[in-house]
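We did not get these values from a lab; they are worked out from the coordinates using the rules stated. None of these values were measured; they are calculated from a predicted model. Note that each Cβ is placed from the backbone with ideal geometry, even for glycine, and that neighbours are counted across all protein chains shown.
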Amino acid sequence: MRFVHTADWQLGMRRRVLGARPPKEAAAGVTGEAQARYAQARLDAVAALGRLADQRDAAFVLVCGDVFESNLVGPDVVARACEALASFRTPVLLLPGNHDPADAACVLRRPDFARRRPAHVTVLDSPGVHEVAPGIEVVAAPWRSKHPLTDLVGEQLADLGPAPPGTLRVLAGHGELDVLDPDDDEPARIRRDGVLAALGDGRIHYAALGDRHSTWVDAADDRIRHPGTPEVTDFDEVDPGNVLVVDLDEHAAAVATERVGCWSFVRHDTRLDTDDDLERLDAWLAARPDKERAAVRLALVGTLSLRQRSHLDDLLAAHGHAFAAVEVLPQHSDLATVPDDADLADLDLHGFAADAATELFAAAGGSDGGADTEARDALRLLHRLVGSDR
Amino acid sequence: MRLHRIRLRDFRGVHDREVTLAERGVTVLQGDNEVGKTSTVAALDLLFDAADSSRRAEIRAAQPSGVDAGPEVEAEVSTGPYRFVYRKRWLRRPRTELTVLAPSSEQLTGAEAHARVSAILDETMDRVLWRGLRVEQHTAVGQADLGGQDALTRALDRAASGAVGAASSPRPDPSVDDGLVERAVEELRRYRTPGGRATGELRLAEVRRSAAEAEHERCRTALEAVERDVAVRDRLDADVATVRARRRAHAAEVAELEDRWSGLQSRLREVETARSRAVLARERADSARERRASRDALVAALGADADVVTRAAEALAAHEGEHAAARDERDARRAADTAARNEAGAARRRADDAARAVSAARDRAELADLADRLQRAEVARTGLAAAGRVLAATALDADDLAGLEDLARDLVRAEAARDAAAARLELTAPAGLTVLVDGTEVTLGAGETRTLPVAGSRALSVPGVLDVRVRPGLDEAGRDDAVRERQQALAERCEELGVAGVEDARVARREADDAERRAEEHRAALARELAGHGDATALRAAHDAIRDRLGEDIPEGDADVPALRTAADAARDAADQAARAADEAAAACRAAEDAVRDADTRAAVLAERAADARHAHARRAEELRAARAAEADADLADAEGERLARARDAEREHEALAAALADDDPDTVEARVVNARAVDERLGGEAVRLEREHAETTGRLQAAGLEGWHDQEAAAAAELEVAVREHDAVARRSAAAQRLHDTLARHRERVRRSYVAPFRAQVERLARIVFGSSLSLEIDEDLRITHRTLDGTTVAFGALSSGAQEQLGLCARLACAALVDPADGVPVVIDDALGHTDPERLARLGAVFTAATAADGAAQVIVLTCTPERYHGIGAATVVPLAPSRRPGEHAREREAPAAVVEDTPARTPGTVVDLPRAPRAG
């Protein structure tokens, strides 16, 4: 039996790094153009995995939670999601996760979703065993509220009897395993021991999980898996952008990891002290593939002169146009701009202007943390004003 | 920059003129109005600024009218290391030519030449200062705007550095800080207004940020509301289930209680029935008792009635006695009354008789009195008539008597006077003797002495013995005459009056007076007697009336009136008493009559009462008989006893039932039933409320789902982050611009302040020549004179007189000219200034000009004037008189050109002007 295991579509998600919606006034700064392309990319990934399921002749597509970014996404997001789902020929099972729990506001029960929901799409909003096809059962552990007080998967497994002979059972759950995030205060953590035991005694044959955006497989039993999000959502994700094609029998699962995502979110930490460092950064940025679908987050540490800082600004501005986003992470950056004597000489000022520049240099001087950033900014401006005169 | 010469051709009114200027010091261009002084300066500006292709209004205005030639200007200038000749012609065959003479010779034409000159000028001279140091015609010489002049600033910088002794570093490119502060200001103005408010980018960023914050807050609030609703829905789901379960559980309890309650209710009804029965039996017993009691009462009433009848008959009988007594009494009273009335009548008559007797007696007395009075009146009238007759006989009245008396007195006086004055004759006889005196015998006693007055002649004779005649003197005779006159008058009067003499008159008078008095007395008596009657006739009439009344019995003797009166009084008293007795008898009679009537009435009443009582008794007896016929007394008593027993039985039964019910505590059961129903109702209400809230919350959630709050919130959050980031960046740039500007401005201020000192020193040096050595000036950082202090009095610049402002303004410009580096210097052009300056100050200003231009390399000063005497005081001036430069055809109409004009060769001597003849110009 073959099915497609995916999760965390997070439809309706926006990434701040990709900028705001186009502001009413034509102000400088990033616009929402990348945001729109990113939203489309998430839908494209869904369509792609649907095509994949069709091609591989999967019995069903199991989405383990977080189909939508929130229960409160707009009707446009719902409508587009339904359109994407309608392009599938394979049946689809949608499990409510922590972002779209089956509470009173559940988007999967909303009239606009219900009206557009294609016939082959089933919402697993009631917990328990669902028969998908003869001999195939899905044990659903949907989220019914944002903050459940128990291990929902464990709850289902506890009440579960052994699978009837000849029937394959897939557990559909959402949440972190306790081994991945040993947070004692979180009551909803999934107890791995329980899952392993259920797999071991044949109550279930595969534990399809969601919530972790990175593709992950349990070390003890490769039938416990997170497929990860089909399109990257954050910089700290490991190997996102995949879906799992699972060939399952009563004893084992053969899992193929298939890539459907097109975007990349990259974080780059580097030191900047010399002109060479700047050139390396320039080269690294230039070497990134698919820049229009890449967001780069830079954490820069080091000390630059005024001139070098101006160079850095120019460099980042130039690359910023090519990338979906280039962001210098302020909280992880420690970039000091220190004027040096060469900078002062460059200015070639006389009279009171020279006196003023000297004062600003003195205020901005030193690489210590207490340096006057405003004075540095003023010096950079002076640099620019003098430069513009020539 | 220095101007060596300027040549104008066909420029406004100037046909062709070249002016050569002194290279240093003052050049005064003097000439009449419209001779073209101002045109010379204007032409220089056009030469440097306007391309030969320009058709600016100034250029078109410079075109001479009616001449087919474009205006042309040529100037020879040295500036910096350069010296060049520059020529331009506009409008007709425009042309630009530049010949650079030093440092290396160059020849350029057209736009290239223009660009080259512009470059040279920009490089070597401060063109703003060039304009700033100029004083235009017709404008007040005020403060020159010197604050931003770079050449001056450099000069002052140099002076300041020199003043503080700092080694100024060489400045390979001194123009590098040109406009740096202005650019900093420009940069700052992108973010902040001069007032410090955010503007431009910063303002937009702030607006965007606050809008984003508001939007984000709005979305977040909405999201939280939805989340609250979700929680509410969950809670409501649970609550609805709880309420339903409780209602189900409660329903069983209600059913059980209701069963018990209905059982108790049927028993309650039984108790109620028993109670009604007992009450009914008790009522019946009561009615039997009442019937028996009423029979008893009837019997008793009959007895009472019989008593009443008896008592009424007794009363009637008793009254009959009283009745008869009353009638007897009445009859007696009537008899007494009649007797008393008769007695009273008799007494009255007696009293009347007595009164009449008294009256007659009184009349008689009065008649006698009246008769007396009549008699006395008659006597009085008779006396009165007699007196009247006497009075009528007497003619002498009182006045006549008084006249006589007067005359007699006069006589006596005259005689006395005569006697007093007369000689006296004293006769003394030693023995008795008789003598005749005037014929009268006078006997003298022995020793008697008699004195005789001698009045008139006296004849004394002792008869026979002696005759003596004594004659008075003359005076005595006069007196004797007076006496005789009076005697005569008296005698005459007496005769007139018919009296013998005075004595006689007096007697007559006394008699008349006595008659008068008697008449008066009689009149009084008459009046007294007639008093009350008017006159005698009336009196007599009264007398006659009384006499008539008395009639016959007039002389009834003297009746004793008081006795009669006493008798009359007694008779009247007796009559009164009798009348009173009669009245009392009548009253007693009336009382007796009343008593009889009362007794009659009472007898009637008593009779009626007795009849009533008899009737009542009869009726009652009939009633009792009828009642007894219907029901015997014994039957009534039996019925009463039987019904009372029955009532007691019924009451005992009810009490037994009620006690049995009370043991089962129906109140508690009822309270519980009522409570259970209320709980059920409340739970029902709770369920309805919960379902309503559930429906409302669900509705809100469905609506909220379609709002896409998550998308809105995410968008708002992204926008907020971008807005914050952008705002931070802009704010940082703004702060940097502010910091740079502040720092630059602060340093420039510091430098400027240091500039002020040398500038002030230079201005004061020049101004003291004009105003005296006590002058001091205050100058601000923009190098403007703010205050002048003279002889200890400080006055703001604006408050100074026009003349003083003009002089100080000129001093400031000349100070600039003296200060700036010769390489940077520009000519100071003064077009007809000092119109406000008095001759004394003008002379001093001449010294100022000289002092300002005395230094080696000091700037050129060019003065244009039509009143050369203003500038006569300038010692070092080179005076250039200007005459009209006209085309040859115009000479005939105008006076001859001055002799200084040389017709053919242009002079190259400074201070000369050449009015060139019109020469054919090269194409």
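A compact table of results
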{"quantity": "Efficiency of FRET between B:ALA603 and B:ALA304 - r from beta-carbon atoms, R0 41 angstrom, step 0.05", "calculated": "0.95"}
{"quantity": "By average C-beta atoms within 10 angstrom, highest first, the peptides B:426-438, B:78-90", "calculated": "B:78-90, B:426-438"}
{"quantity": "Pairwise FRET efficiency - A:ALA256 versus A:SER145, Cβ, R0 = 45 Å, nearest 0.05", "calculated": "0.80"}
{"quantity": "Extension gain, B:GLU405 back to B:LEU624 (0.36 nm per residue minus Cα-Cα distance, nm)", "calculated": "64.3 nm"}
{"quantity": "Approximate spin-label separation B:ASP548-B:ASP663, in nm, with each point projected 7 Å along Cα-to-Cβ", "calculated": "13.9 nm"}
{"quantity": "A:TYR38, B:TYR871 arranged by Cβ crowding within 10 Å, fewest neighbours leading", "calculated": "B:TYR871, A:TYR38"}
{"quantity": "Tensor-based shape of the protein assembly as shown (alpha-carbon gyration tensor, a/c under 1.5 rounded, otherwise prolate or oblate)", "calculated": "oblate"}
{"quantity": "Rel. contact order, % - alpha carbon contacts under 8 angstrom, at least six apart, chain B", "calculated": "27 percent"}
{"quantity": "Between 0 and 90°, nearest 10: helix B:398-421 axis offset from chain B longest Cα axis", "calculated": "90 degrees"}
{"quantity": "Unit charges at the beta carbon, dipole of the protein assembly as shown: most positive-side option, B:ALA541, B:LEU404, B:ALA587", "calculated": "B:LEU404"}
{"quantity": "Contact order relative to length of the range A:264-388, as percent, for alpha carbon pairs under 8 angstrom and 6 or more apart", "calculated": "23 percent"}
{"quantity": "Degrees between helix A:275-287 axis and first principal axis of chain A (Cα, 0 to 90, nearest 10)", "calculated": "40 degrees"}
{"quantity": "Average partner coverage of A:375-381, which counts Cβ from other chains inside 10 Å", "calculated": "6"}
{"quantity": "R0 of 56 Å, Cβ-Cβ distance A:ALA158-B:GLU270: FRET efficiency to nearest 0.05", "calculated": "0.35"}
{"quantity": "Nonlocal amide H pairs with B:ALA22, under 5 Å, H built at 1.01 Å", "calculated": "B:GLY911"}
{"quantity": "Length-normalised contact order of chain A in % [C-alpha pairs under 8 Å, at least 6 apart]", "calculated": "13 percent"}
{"quantity": "Cβ crowding within 10 Å averaged over residues, with A:290-301, B:348-359 ranked highest first", "calculated": "A:290-301, B:348-359"}
{"quantity": "Spin-label model distance (nm) - B:ALA500 vs B:ARG381, 7 Å beyond Cα toward Cβ", "calculated": "4.0 nm"}
{"quantity": "Using θ = phi - 60° and Karplus 6.51 cos²θ - 1.76 cosθ + 1.60, couplings along the range A:186-197 (whole Hz; Gly, Pro as x)", "calculated": "9, x, 8, 4, 7, 6, 5, 4, x, 5, 4, 5"}
{"quantity": "Rounded if a/c under 1.5, otherwise prolate or oblate - chain B, Cα gyration tensor axes", "calculated": "oblate"}
{"quantity": "Spatial separation of Cα centroids for the range B:412-434 and the range A:267-341, in angstrom", "calculated": "198 Å"}
{"quantity": "Rounded to the nearest 20 debye, dipole of the protein assembly as shown from Cβ charges on Lys, Arg, Asp, Glu", "calculated": "5260 debye"}
{"quantity": "Angle between chain B longest axis and helix B:37-49 axis [Cα atoms, degrees, rounded to 10]", "calculated": "60 degrees"}
{"quantity": "Peptide A:64-74, shielding by other chains (average Cβ, 10 Å cutoff)", "calculated": "5"}
{"quantity": "Global form of the range B:636-717, assessed from the alpha-carbon gyration tensor, a/c cut-off 1.5", "calculated": "prolate"}
{"quantity": "Cut-off under 5 Å, modelled amide H: who pairs with B:LEU444 long-range", "calculated": "B:LEU433, B:THR434, B:VAL435"}
{"quantity": "Beta bridges by DSSP in the range A:264-388, antiparallel share as percent, to the nearest 5", "calculated": "0 percent"}
{"quantity": "Estimated dipole of chain A in Debye, rounded to 20 [Cβ of Lys and Arg +1, of Asp and Glu -1, Cα centre]", "calculated": "1960 debye"}
{"quantity": "Total formal charge among the other residues, if their Cβ is under 9 angstrom from that of B:ASP52, Lys/Arg +1 and Asp/Glu -1", "calculated": "+3"}
{"quantity": "Taking A:SER145, B:SER734 and counting other C-beta atoms within 10 Å, the order from fewest to most", "calculated": "A:SER145, B:SER734"}
{"quantity": "Peptide-level mean, for A:98-111, of C-beta atoms on other protein chains within 10 Å", "calculated": "4"}
{"quantity": "Positive-end residue of A:THR90, A:LEU124, B:LEU466, charge dipole of the protein assembly as shown with Cβ unit charges", "calculated": "A:THR90"}
{"quantity": "Among B:VAL308, B:ALA491, B:ALA519 the positive-end extreme of the charge dipole of the protein assembly as shown (Cβ point charges)", "calculated": "B:ALA491"}
